[in-house]
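Single-structure report; data block below.
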Amino acid sequence: MPMRWSWWFFQTVPGMTGILLLFIFAFMYVFASHYFRRISFQGFWLTHYLYVVIYILVSTLPNRNINATCKVLVPCFMS
């Protein structure tokens, strides 16, 4: 019997990383809208510091074909 979708989303590293990235991008998207920038530009500015968190989360994503990816990515920390 195949694993349920909830197992893939919430009990694996790629699933949890993807969910966190989705929420961070949604949060940044809301604060990047014209309405929120007009109300609170500082909120817009502070939420865009989340790019650091995005970089960390993306770098923790496991990659099946890491050797091919390391030739493209600079710097490649996993080689």
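The values are calculated or read from the model by the stated rules, or taken from the named source; none is laboratory data. Owing to the predicted nature of the structure, the values given are computational and were not obtained by experimental measurement. Cβ placement follows ideal geometry from the backbone for every residue including glycine, while neighbour counts extend to all protein chains displayed.
Please count how many residues of the range 41-55 are surrounded by 13 or more Cβ atoms within 10 Å (Cβ to Cβ) and among the hydroxyl-bearing types (Ser, Thr, Tyr).
Count: 1.
Residue by residue, here is whether (1) in contact (Cβ under 8 Å) with a residue 12 or more places away in the chain; (2) over 17 Å from the mean Cα position of the chain (by Cα) holds:
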| position | (1), (2) |
| --- | --- |
| ILE19 | no, no |
| ILE24 | yes, no |
| ARG37 | no, yes |
| PHE41 | no, yes |
| THR47 | yes, no |
| TYR55 | no, no |
| THR60 | yes, no |
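Give me the residue from the range 20-79 that is at pLDDT below 85 and of a type in the set (Lys, Arg) and, out of that set, farthest from PHE10 (Cα to Cα).
Result: LYS71.
I'd like to verify a number: residues in the range 1-39 that are surrounded by 13 or more Cβ atoms within 10 Å (Cβ to Cβ) and in a loop (DSSP other than H, G, I, E, B), how many?
Result for the range 1-39: 1.
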